[in-house]
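Participant: Let me give you the structure first, and then I'll get to my questions.
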Amino acid sequence: MIPPWKELDAEREELLQLQPDIRGVVYPGAHVLGVLELGEGSVVLPGTVVEGHVRIGKDCRIGPNAYLRGETRVGDGCVIGNAVELKSSLLGNKVFVSHLSYIGDSIIRDDVNVGGGCIFSNFRHDAGEIRMPWQGALQPTGRNKLGCVVGEHCRIGCKCVILPGRVLPPGTWTDPGSVVR
């Protein structure tokens, strides 16, 4: 198993090869400014902006007014709702980020619900290198932008902040308003 920051790098390289492929519906008023691969049964609602190289799976609902940028992958059966920004992140299947949240340079595994108003931070105030726990030790990542890894079946309470480089094990539930340090 490769470290999460290397997983982001590998997926980035794959997403940079995307070709436009729209099998769902991009509604009038949505703006595709980059390359979008959109799966069957998925919709991109008005006010949504897609920049960069973005792959969205089947049966997803994106927007209204979402912002997807960088090299981003959204799995099948996901909801990325109103005023949600995804930047260079990988989302598994059945991930729900329904409103007012930011997810930067992060990996979210399958069956995760993110409450409204959450921030998955990807940058340290001192602009230093982000370290992440991996294989029992805090590892240097070589990156100054890296969010978090959220395991399968997690529930993130409303208005939570997850600091850069954190790992939430599968099945984690956070209290509303908490800060994951």
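Participant: How do the strands (runs of 3 or more DSSP E) wholly within the range 77-181 filter down when requiring 1 or more residues that are more than 14 Å from the chain's Cα centre (by Cα) and of a type outside the set (A, V, I, L, M, F, W, C): which remain?
Facilitator: Ranges flagged: 79-82, 130-134, 137-143.
Participant: Which pairs have Cβ atoms under 6 Å, sit 6 or more apart or on different chains, and link a residue in the range 119-145 that is at negative phi and modelled with pLDDT of 95 or more to one that is crowded, with 19+ Cβ neighbours inside 10 Å and among the hydroxyl-bearing types (S, T, Y)?
Facilitator: I119/Y102; F120/S106; I130/T141; M132/T141
Participant: Take the residues in the range 15-24 that are without any contact (Cβ under 8 Å) to a residue 40 or more places away in the chain and surrounded by 13 or more Cβ atoms within 10 Å (Cβ to Cβ), then tell me which one is nearest to L168 (Cα to Cα).
Facilitator: Looking at residues that are without any contact (Cβ under 8 Å) to a residue 40 or more places away in the chain and surrounded by 13 or more Cβ atoms within 10 Å (Cβ to Cβ), I get L18.
Participant: Which residues, taken from the range 28-52, are surrounded by fewer than 23 Cβ atoms within 10 Å (Cβ to Cβ) and either within 26 Å of L146 (Cβ to Cβ) or touching a helix residue (DSSP H, G or I) at 6+ places or on another chain (Cβ under 7 Å) (or both)?
Facilitator: Result: L33, G34, V35, E37, V49, E51, G52.
For (1) over 21 Å from P3 (Cβ atoms); (2) open to solvent by less than 10 Å² (accessible area, probe 1.4 Å), each residue gets a yes or a no:
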residue: A83; (1), (2): yes, no
residue: S89; (1), (2): no, yes
residue: V97; (1), (2): yes, yes
residue: V112; (1), (2): no, yes
residue: F120; (1), (2): no, yes
residue: H125; (1), (2): yes, no
residue: M132; (1), (2): no, yes
residue: Q135; (1), (2): no, no
residue: L138; (1), (2): no, no
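Participant: If you scan the range 102-155, which residues turn out to be in contact with a His (Cβ under 6 Å, 6 or more places away or on another chain) and farther than 19 Å from A83 by Cα?
Facilitator: Passing the criteria: only D111.
Participant: Right, next: Which members of the range 64-76 meet the condition of being part of a loop (DSSP other than H, G, I, E, B) and farther than 19 Å from E40 by Cβ?
Facilitator: Hits for the range 64-76 are P64, N65, A66, G70.
The values are calculated or read from the model by the stated rules, or taken from the named source; none is laboratory data. Since the structure is predicted, the reported quantities are computational estimates derived from the model, not experimental observations. Methodologically, a virtual Cβ is constructed for each residue, glycine included, from the backbone with ideal geometry; neighbour enumeration extends over all protein chains shown. Accessible surface areas use protein heavy atoms only, side chains included; no ligands, DNA or RNA. Shrake-Rupley method; radii C 1.70, N 1.55, O 1.52, S 1.80 Å.
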